[in-house]
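Since the structure comes first, as structure tokens, the remarks are kept for the end.
Coordinate-derived values only; no laboratory data. Just so it is clear, the model here is predicted, and its values are computed rather than measured. So basically every Cβ, Gly included, is an ideal-geometry build from the backbone, and we count neighbours across all protein chains shown.
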Amino acid sequence: MRHDPTFWLLARASGLTAYVMLTLSVLAGLLIKSRPFRALKPAAVTDLHRILAMLGLGALAGHATALVLDTTVHVSIAGLFIPGLVSYRPVWTSFGILTAELMVLVYASFSLRKRIGPKNWRRLHWATYAIFAAATVHGIGAGTDASRPWAFTLYLCAVGSVAAAATWRFLVPPTPARARRRVTRTREITPHTRGEQAA
């Protein structure tokens, strides 16, 4: 009986899609704080950040479902939640399981922000960097396409873009909102003041 590769292909495609959505979500989150493009409104970027995270979780759910239904790699339902139960490259798949669980936790924190407090919420969001790193390790170590040039380029671009955005975030802090308003107000008032002095 010939093996049907449909679910195996779906598992690979959905896994890469989840990684791309995670990368874009991380970049959107960094844009909220660093604001390299002042034309972007924080509220719009925040909504985009949440939507990308939700799409990533949807792709992740498809990835997990396809792995369970596929017969190439035998993955049980319990193996989706407990690291080490999958015999296929157990170390790298464990990274994937931990990544998925942390993704769900961080996304759920959006709804719990008021209960846990802004400070705890921001501290929890620091885990996003660990999530992205673990997802990258999982994809390279467990992904069968990782050795292909296009996949290597994908991971390289993802890591490079997040590293560049994070560097900008920490080395080039944005101007505080109050300071921006103060500067704008000063620019608006100064011409009138000079005109009065000249009169």
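Applying a 10 Å radius around every beta-carbon, put 72-78, 128-134 in order of their mean neighbour count, most first.
In decreasing order of mean packing, 72-78, 128-134 become 128-134, 72-78.
If you add up the charges near Phe110, with Lys and Arg at +1 and Asp and Glu at -1, over every other residue whose beta carbon is less than 14 angstrom from its beta carbon, what do you get? Walk me through the numbers before you get to the answer.
Values: positive: Arg50, Arg113, Lys114, Arg115, Arg122; negative: Asp47.
Once all neighbours under 14 Å are counted, the net charge is +4.
What ranking, highest mean first, results for peptides 86-94, 164-172 when packing means the other Cβ atoms within 10 Å averaged over each residue? Could the numbers behind the result be given before it?
Values: 86-94: 16.4, 164-172: 13.7.
Those peptides, ordered most packed to least, come out 86-94, 164-172.
If you build the Cα gyration tensor of the range 1-115 and take the root of 5 times each eigenvalue, what three semi-axes come out, in whole angstrom, biggest first? Write down the numbers at each step before the final one.
Values: eigenvalues 207, 49, 24 Å².
Value: 32, 16, 11 Å, ordered largest first.
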